[in-house]
Amino acid sequence: MTEYYAEILWNRGQDEIYTDNKYSRAHQWKFNDDITVAATASPHIVPAPYSVAENVDPEQAFVASLSSCHMLFFLDLCAKKSIIIDHYQDNAVGIMDKNQEGRIAMTKVILRPKVTFSGDNIPTLEEQEILHDKAHHFCFIANSVKSEVVTEIIS
């Protein structure tokens with residue numbers, strides 16, 4: 001068993017009443033005691049000025065977490081097969097909708113990896129699909145969620 005930690009910090013502003021629901025949702029995510037990420041409620045859910053469009057929201061972090069986990073396993077699988085990757089970019093998209101229970105949830109995440117390979121061992125599209133499928137099944141985050149996760153390879 002391995003444990004992972006995140007510290008979430010929020011403070012009420014001096015001039016905020018709070019009980020009137022007019023308070024800032026800006027907060028920080030702190031990792032490893034020295035990495036801080038500016039976070040907020042999604043501006044799609046809580047309008048400005050109570051959210052901060054420049055900050056990362058939990059829904060974006062969810063999508064990024066799935067994409068990052070998938071990428072790391074894909075890179076590992078390719079390295080083990082002597083497939084050289086020069087660049088990996090994923091413009092992932094998360095879709096919020098009502099789930100089967102009628103509750104709002106992140107119901108689908110679409111990963112759109114665009115990978116630049118080099119060297120003599122460049123995988124075919126079919127081989128890439130197999131590698132992405134394996135990466136998906138190895139991904140701890142994907143194994144932890146109910147959302148549908150789809151990979152659309154961009155060439």
Point to revise | Which numbered condition GLU127 fails, given (1) in a helix (DSSP H, G or I); (2) under 13 Å from the mean Cα position of the chain (by Cα) | key: (2)
Point to revise | So HIS137, is it in contact with a strand residue (DSSP E or B) (Cβ under 8 Å, 6 or more places away or on another chain) and part of a helix (DSSP H, G or I) | key: no
Review point. Given segment 1-48, what strands (runs of 3 or more DSSP E) lie entirely inside it while holding 2 or more residues that are hydrophobic (A, V, I, L, M, F, W, C) and under 14 Å from ALA61 (Cβ atoms)?
Key: 27-31, 35-39
Exercise for review: Quick one: which residue in GLU3, GLU7 is within 23 Å of PHE140 (Cα to Cα), surrounded by 10 or more Cβ atoms within 10 Å (Cβ to Cβ), out of contact with any helix residue (DSSP H, G or I) (no Cβ under 9 Å at 6 or more places or on another chain) and not aliphatic (A, V, I, L, M)?
Suggested key: GLU7
**Study point:** Total residues in segment 114-129, condition without any contact (Cβ under 8 Å) to a residue 12 or more places away in the chain and surrounded by 13 or more Cβ atoms within 10 Å (Cβ to Cβ)
**Key:** 1
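Would you mention how many residues in segment 140-155 are in a strand (DSSP E or B) and farther than 17 Å from ASN91 by Cα? Let's see the steps before the verdict.
The first filter runs over segment 140-155 and keeps only residues in a strand (DSSP E or B), leaving 148-151, 154.
Now drop any that are not farther than 17 Å from ASN91 by Cα, which leaves none.
Qualifying residue count for the region: 0.
Taking the stated definitions as given, is GLU59 in contact (Cβ under 8 Å) with a residue 12 or more places away in the chain, charged (D, E, K, R) and in a loop (DSSP other than H, G, I, E, B)? Even if it seems obvious, please write down each step before you answer.
Numbers: in contact (Cβ under 8 Å) with a residue 12 or more places away in the chain: yes; charged (D, E, K, R): yes; in a loop (DSSP other than H, G, I, E, B): no.
It is false that GLU59 is in contact (Cβ under 8 Å) with a residue 12 or more places away in the chain, charged (D, E, K, R) and in a loop (DSSP other than H, G, I, E, B).
Any residue at all in segment 99-113 that's assigned to a strand (DSSP E or B), loosely packed, with under 15 Cβ neighbours inside 10 Å and modelled with pLDDT of 95 or more? It would help to see each step written out before you state the result.
Residues of segment 99-113 assigned to a strand (DSSP E or B): 104-111, 113.
The next check asks that each one be loosely packed, with under 15 Cβ neighbours inside 10 Å; those that pass are 104, 108.
Filter again for modelled with pLDDT of 95 or more, leaving 108.
Yes.
Just wondering, is there one or more residues in segment 83-98 that are part of a loop (DSSP other than H, G, I, E, B), among the charged types (D, E, K, R) and either free of Cβ contacts under 8 Å to residues at least 24 places away in the same chain or touching a helix residue (DSSP H, G or I) at 6+ places or on another chain (Cβ under 9 Å) (or both)?
Going residue by residue through segment 83-98, those that are part of a loop (DSSP other than H, G, I, E, B) are 83, 91-92.
So of that shortlist, the ones also among the charged types (D, E, K, R) come out as none.
Taking every residue of segment 83-98 in turn, none turns out to be part of a loop (DSSP other than H, G, I, E, B), among the charged types (D, E, K, R) and either free of Cβ contacts under 8 Å to residues at least 24 places away in the same chain or touching a helix residue (DSSP H, G or I) at 6+ places or on another chain (Cβ under 9 Å) (or both).
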Exercise for review: Identify, by number, the condition in (1) assigned by TED's automatic domain parsing to the domain that holds ILE122; (2) closer than 27 Å to SER144 by Cα; (3) buried (at least 16 other Cβ atoms within 10 Å of the Cβ) that ILE83 doesn't meet.
Suggested key: (2)
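The values are calculated or read from the model by the stated rules, or taken from the named source; none is laboratory data. In this text the structure is predicted, and so the values were computed from the model without any measurement. All Cβ positions, glycine included, derive from the backbone under ideal geometry; neighbour counts span all protein chains shown.
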